[in-house]
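The values are calculated or read from the model by the stated rules, or taken from the named source; none is laboratory data. Values in this document were obtained by computation on a predicted structure and should not be read as measured data. So basically every Cβ, Gly included, is an ideal-geometry build from the backbone, and we count neighbours across all protein chains shown.
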Amino acid sequence: MSRIGLVPIPVPQGVKVSINGTEVTVEGSNGKLFRSFHPDISINLEGDNLIVTRPTDNRIHRSLHGLSRTLLANMVEGVTKGFEKVLELHGVGYRAQKVDDKISLQVGYCHLVEFTPPPGVDLVVEGTNRIKIIGIDKEAVGETAAKIRDIRRPDSYKGKGIRYANEKLRLKSGKAGKTAMRG
């Protein structure tokens, strides 16, 4: 039984939800989001709550139930509060600059790496080594953060690279066993 899917989604004041069969549009102060859901999952607006129900207890319906409810809750949260992820650049000479709507990264390559965000996602550079990714679509914000991180992933020996602000990195020790092998 999906415990996540059974929880109703409260719709705050100022958020307009329109349901057209399997297509749901959520409008709020930050913007408008649209998503199409699986036809077997039914979504209803009852008062100030969105209710997601499934037809049977089949495995596919159980998994779609929780998924649909979470995606819908993220849409409501996105148009009210929005989402953000923070990346940090670690390394000597590593820096980021905002150029128009894109960012220019200097991360140890012989050239600058430019990154253009998808529509609906904003990039804010704080100082020279922090990048904030802000948007109303949680999926787009997370995917943009992952693409920027992939430009220069953190090194497991020295810790240099682009990482999430709350990411803990376990560093390897290097060649400590070389001297113990002699003899």
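Regarding the range 153-168, can at least one residue be identified that is within 30 Å of Thr25 (Cβ to Cβ) and touching a residue at least 60 places away in the same chain (Cβ under 8 Å)? For the range 153-168, residues within 30 Å of Thr25 (Cβ to Cβ) and touching a residue at least 60 places away in the same chain (Cβ under 8 Å): absent. Look at the range 67-91: where a residue is at positive phi and a partner is at pLDDT 95 or above and surrounded by fewer than 19 Cβ atoms within 10 Å (Cβ to Cβ), sitting 6+ places away or on another chain with Cβ atoms under 9 Å, you get Gly82/Ile134. Check whether at least one residue in the range 109-122 is closer than 30 Å to Pro12 by Cα and either in contact (Cβ under 8 Å) with a residue 40 or more places away in the chain or of a type in the set (A, V, I, L, M) (or both), and report yes or no. Yes, some residue in the range 109-122 is closer than 30 Å to Pro12 by Cα and either in contact (Cβ under 8 Å) with a residue 40 or more places away in the chain or of a type in the set (A, V, I, L, M) (or both). Tallying residues that are under 19 Å from Leu33 (Cα atoms) and either touching a Ser or Thr at 6+ places or on another chain (Cβ under 6 Å) or surrounded by fewer than 14 Cβ atoms within 10 Å (Cβ to Cβ) (or both) within the range 121-138 yields 2.
Every residue, every condition in (1) closer than 23 Å to Ile136 by Cβ; (2) free of Cβ contacts under 8 Å to residues at least 60 places away in the same chain; (3) surrounded by fewer than 17 Cβ atoms within 10 Å (Cβ to Cβ), yes or no:
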| site | (1), (2), (3) |
| --- | --- |
| Pro12 | yes, no, yes |
| Asn20 | yes, yes, yes |
| Glu23 | yes, yes, yes |
| Glu27 | yes, yes, yes |
| Ser36 | yes, yes, yes |
| Val52 | yes, yes, no |
| Asp57 | no, yes, yes |
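The residues in the range 72-88 that are part of a helix (DSSP H, G or I) and either of a type in the set (Asp, Glu) or more than 18 Å from Val121 (Cα to Cα) (or both) can be counted, and the count is 3.
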